[in-house]
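Just so it is clear, none of the values below were taken in a lab; they were calculated from the coordinates. A quick note: this is a predicted structure, and the numbers were derived from the prediction, not measured. FYI the Cβ positions are ideal-geometry reconstructions off the backbone, even for glycines, and counts take in every protein chain you see.
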Amino acid sequence: MSARYSLRPARPEDRELLFSVYASTREGELSVVPWTTEAKDSFLRQQFEAQDAHYRQHYDGAAFLVIEASGKAAGRLYVARWPREIRIMDIALLPAHRRRGLGTAILGDLLAEGDAAGKVVS
């Protein structure tokens with residue numbers, strides 16, 4: 001693993017953080033929707049809960065991880081490790097951590113892990 005980040009299992013108290021990461025990925029598309037802030041928040045929370053439920057139902061045993069950089073929460077990585085495949089279900093970074101090479105480092109490490117184990121990374 002790169003020294004630039006660490007991963008830890010998401011805990012129940014990370015729920016709002018994980019929602020914030022998710023919501024930050026939808027800001028652009030929702031910026032053109034003429035909804036109130038409250039309506040956007042409600043929509044995003046419903047979508048976040050639906051996505052989370054889907055992942056947990058269909059990816060049994062997957063790792064739901066918080067990405068940390070310099071000791072601070074930077075994003076999320078959801079990954080399933082199967083006998084022949086490493087499946088990246090979701091990776092997202094908070095805006096302050098984007099375009100700094102962090103995502104590239106994480107993906108590079110996952111690709112290296114897959115290569116070392118003889119697994120496809122998808």
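Quick notes on this one:
- The residues on offer are Tyr5, Tyr59, and the sole one that is without any contact (Cβ under 8 Å) to a residue 40 or more places away in the chain and of a type in the set (Phe, Trp, Tyr) is Tyr59.
- First in the range 105-121 and of a type in the set (Lys, Arg), second anywhere and surrounded by 15 or more Cβ atoms within 10 Å (Cβ to Cβ), Cβ under 6 Å, 6 or more apart: Lys119/Ile86
- Taken together, the criteria exclude Leu107 from residues that are surrounded by 15 or more Cβ atoms within 10 Å (Cβ to Cβ), hydrophobic (A, V, I, L, M, F, W, C) and either within 25 Å of Ala53 (Cβ to Cβ) or touching a strand residue (DSSP E or B) at 6+ places or on another chain (Cβ under 8 Å) (or both).
- Lone unmet requirement of (1) without any contact (Cβ under 8 Å) to a residue 40 or more places away in the chain; (2) more than 13 Å from Ala92 (Cβ to Cβ); (3) part of a helix (DSSP H, G or I) for Ala23: (2)
- On the stretch given as the range 64-97, residues that are surrounded by 15 or more Cβ atoms within 10 Å (Cβ to Cβ) and free of Cβ contacts under 8 Å to residues at least 60 places away in the same chain total 16.
- Those residues of the range 80-122 which are assigned to a helix (DSSP H, G or I) and not small (Gly, Ala, Ser), in sequence order: Pro95, His97, Leu102, Thr104, Ile106, Leu107, Asp109, Leu110, Leu111, Glu113, Asp115
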